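Read through the structure below, which is laid out as structure tokens, and then see the notes.
Every read-out reported here was derived from the displayed coordinates using simple, explicitly stated rules and does not represent laboratory data. These figures come from a predicted structure and were not determined experimentally. Quick reminder, even Gly has a Cβ in these numbers, built from the backbone with ideal geometry, and neighbours come from all protein chains shown.
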Amino acid sequence: MNNSIVIVRYRALPAQVDTVRREIAALVATVRASEPDCGGITMLQDSSDPTAFTLIETWPSQEVFLGPHMQQPHIQSFIQAAGKFLAGPPDISFWQPVDGA
């Protein structure tokens with residue numbers, strides 16, 4: 001089965017950009033260290049809009065991302081705290097690699 005690529009877009013509250021960068025980076029480090037199903041995460045910050053952050057994640061399937069991953073205590077803790085520094089919920093989309101490309 002092909003891996004699922006998950007794109008997660010966050011928008012920081014304008015005064016919370018440094019907090020968002022720090023909190024997402026800490027979350028990414030925890031996921032990488034504690035979730036063996038995670039095939040990798042790249043964290044990006046928009047160079048023309050510093051409030052925009054994107055994660056590009058690789059997971060075995062959409063079901064693994066939405067199920068076991070989202071139930072992890074560190075994910076639930078991040079979700080609970082996010083209202084203090086994010087402008088709203090993340091935009092999450094799921095992508096599949098195209099064979100032969």
Residue check, GLY39 against (1) touching a strand residue (DSSP E or B) at 6+ places or on another chain (Cβ under 9 Å); (2) over 25 Å from PRO97 (Cα atoms), all met but one. Which one? (2)
Does GLY88 fit the bill of being over 19 Å from ILE5 (Cα atoms) and touching a strand residue (DSSP E or B) at 6+ places or on another chain (Cβ under 8 Å)? yes
Do you know which residues across the stretch 54-79 are farther than 16 Å from THR30 by Cα and not acidic (Asp, Glu)? THR54, PRO60, SER61, GLN62, VAL64, LEU66, GLY67
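So that you can scan it fast, the table gives a plain yes or no per residue for (1) free of Cβ contacts under 8 Å to residues at least 60 places away in the same chain; (2) surrounded by 14 or more Cβ atoms within 10 Å (Cβ to Cβ):
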| position | (1), (2) |
| --- | --- |
| VAL6 | no, yes |
| THR19 | no, yes |
| VAL31 | yes, yes |
| LEU44 | yes, no |
| GLU57 | yes, yes |
| PRO60 | yes, yes |
| PRO73 | yes, no |
| PHE85 | no, yes |
| GLY88 | no, no |
State yes or no: is LEU27 in contact with a strand residue (DSSP E or B) (Cβ under 8 Å, 6 or more places away or on another chain) and touching a residue at least 12 places away in the same chain (Cβ under 8 Å)? no
